[in-house]
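Peer 1: Can you keep this structure in mind? I'll have questions shortly.
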Amino acid sequence: MVISFFMSVTQPQIIQVFLDHLKFQKRYSQHTVVSYQNDLVDFFNFIEKEFEVTSPVEIKSSFVRSWLAGLKEKGLESKSINRKISTLKSFFKYLLRLGLIQTSPMGTILSAKVKKRLPQFVAEKDINTLINYVEFGADWNGKTNRLLLHLLYNTGIRQAELINLKETHIDIRNSTIKVLGKGNKERILPVSNELGQLIQQYIDDKHNNFEVSNREILLINEKGKKLYPKYIYSVVKKYLSDVTTIDKKSPHVLRHTFATHLMNNGADINAVKELLGHSSLAATQIYTHNTIEKLKEVHSKAHPKA
């Protein structure tokens, strides 16, 4: 029955059924769904070429290992390889749940070892320079750039969350913003009075300079259009280059900076987890390592026997 099912549908159809599950039931973002799709298409292309196999029923663990070995030989990092392993595990687990296969070829596949790297962040003194001393310009781009940098650092939101912020998500009276995160999970974040005033001034200026149709999305460019990822990345890189010499200068670095500064100043890790929108505490615990490094630095400078 299982084999007859797979003989009646094409490989792309099987993949699409799984992708629809991720999109409509798991409510994964379009970016995540596309990543899963690319991984699955690459894998099936490989096994069809190397082993002349197209049906998931016929896939063996050795086929998966051969694919992963090839990726490693091409220089793919362990983190990227593990993402592809995760894709295949999710795919075959879904087929198992539907009763379309009896065993998963991923049962003996282990994740690649990943070197632990602490997330880079901007020093507090450099953030202070960025916020208080850098000139952004009086034109519309200057106002937008200033606000997007303030939002990224003051709230720790992701780039995609920033792009999709709406005016209706802003509650100036209660000093909060509503953020739609991964899996369409909502979280409410506090904002300072200073940031609240900056947001309100931006909204007022926008209403005075753009048509009503431009008012749904909070941040827009000089043409009244929604911002796009490349624009935000280039803005962050430009302004961080003025105040810091760290290697990475991206929107996600400001998210790391937000979390690290909170931890360094005594914030509870569970509170940081909620602010970041992490689904588990494990994802947040990496910031405790930065805190420990900060304590070591303080100890070495202040203790007479250090």
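The values are calculated or read from the model by the stated rules, or taken from the named source; none is laboratory data. Keep in mind that what you see is a predicted model, and the values were worked out from it rather than measured. For neighbour counting, all protein chains shown are included, and Cβ atoms are generated from backbone atoms with ideal geometry for every residue, glycine included.
Peer 1: Which residue pairs have Cβ atoms closer than 7 Å, lie 6 or more positions apart in sequence or on different chains, and pair a first residue in the range 222-233 that is assigned by TED's automatic domain parsing to the domain that holds TYR202 with a second residue that is assigned to a helix (DSSP H, G or I) and at pLDDT below 95?
Peer 2: GLY224/ASN214
Peer 1: Here is a follow-up. If the requirement is being part of a helix (DSSP H, G or I), surrounded by 13 or more Cβ atoms within 10 Å (Cβ to Cβ) and modelled with pLDDT of 95 or more, which of these qualifies: ASN145, ASN128?
Peer 2: Going through ASN145, ASN128 in turn, just one is part of a helix (DSSP H, G or I), surrounded by 13 or more Cβ atoms within 10 Å (Cβ to Cβ) and modelled with pLDDT of 95 or more: ASN145.
Peer 1: Do you know which residues across the range 114-125 are over 30 Å from LEU76 (Cα atoms) and surrounded by 12 or more Cβ atoms within 10 Å (Cβ to Cβ)?
Peer 2: Correct list: ALA123, GLU124.
Peer 1: Out of the residues in the range 161-176 that are aliphatic (A, V, I, L, M) and touching a Gly at 6+ places or on another chain (Cβ under 9 Å), state the one that is nearest to LEU254 (Cα to Cα).
Peer 2: Step one: list which residues in the range 161-176 are aliphatic (A, V, I, L, M), which gives 162-163, 165, 170, 172.
Now drop any that are not touching a Gly at 6+ places or on another chain (Cβ under 9 Å), which leaves 170, 172.
On the way: ILE170: 21, ILE172: 23 Å.
The selected residue is ILE170.
Peer 1: Could you check how many residues of the range 148-163 are crowded, with 20+ Cβ neighbours inside 10 Å and either of a type in the set (Gly, Ala, Ser) or at pLDDT below 95 (or both)?
Peer 2: 1
Peer 1: Then there is this: Any chance the range 87-100 includes a residue that's in a loop (DSSP other than H, G, I, E, B) and not aromatic (Phe, Trp, Tyr)?
Peer 2: Scanning the range 87-100 turns up at least one residue that is in a loop (DSSP other than H, G, I, E, B) and not aromatic (Phe, Trp, Tyr).
Peer 1: While we're looking at this one, here's another question. Find the residue count for the range 193-235, including only residues that are out of contact with any helix residue (DSSP H, G or I) (no Cβ under 7 Å at 6 or more places or on another chain), assigned to a loop (DSSP other than H, G, I, E, B) and surrounded by 13 or more Cβ atoms within 10 Å (Cβ to Cβ).
Peer 2: Residues that pass the stated criteria total 1.
Peer 1: While we're on this one: Condition (residue is in a helix (DSSP H, G or I), buried (at least 19 other Cβ atoms within 10 Å of the Cβ) and not assigned by TED's automatic domain parsing to the domain that holds LYS79) applied to the range 164-171: is it met by at least one residue?
Peer 2: For the range 164-171, residues in a helix (DSSP H, G or I), buried (at least 19 other Cβ atoms within 10 Å of the Cβ) and not assigned by TED's automatic domain parsing to the domain that holds LYS79: absent.
Peer 1: Which one is farthest from LEU218 (Cα to Cα) among residues in the range 176-186 that are modelled with pLDDT of 95 or more and over 14 Å from the mean Cα position of the chain (by Cα)?
Peer 2: THR176
Peer 1: Something else: Would you check which residues across the range 250-274 are within 16 Å of the chain's Cα centre (by Cα) and surrounded by fewer than 20 Cβ atoms within 10 Å (Cβ to Cβ) and list them?
Peer 2: Residues satisfying the conditions are SER250, HIS252, LYS273, GLU274.
Peer 1: Mind checking which pairs have a first residue in the range 113-138 that is touching a residue at least 12 places away in the same chain (Cβ under 8 Å) and on the phi < 0 side of the Ramachandran plot and a second that is assigned to a loop (DSSP other than H, G, I, E, B) and of a type in the set (S, T, N, Q), Cβ under 6 Å, 6 or more apart or different chains?
Peer 2: VAL122/THR244; ASP126/THR244
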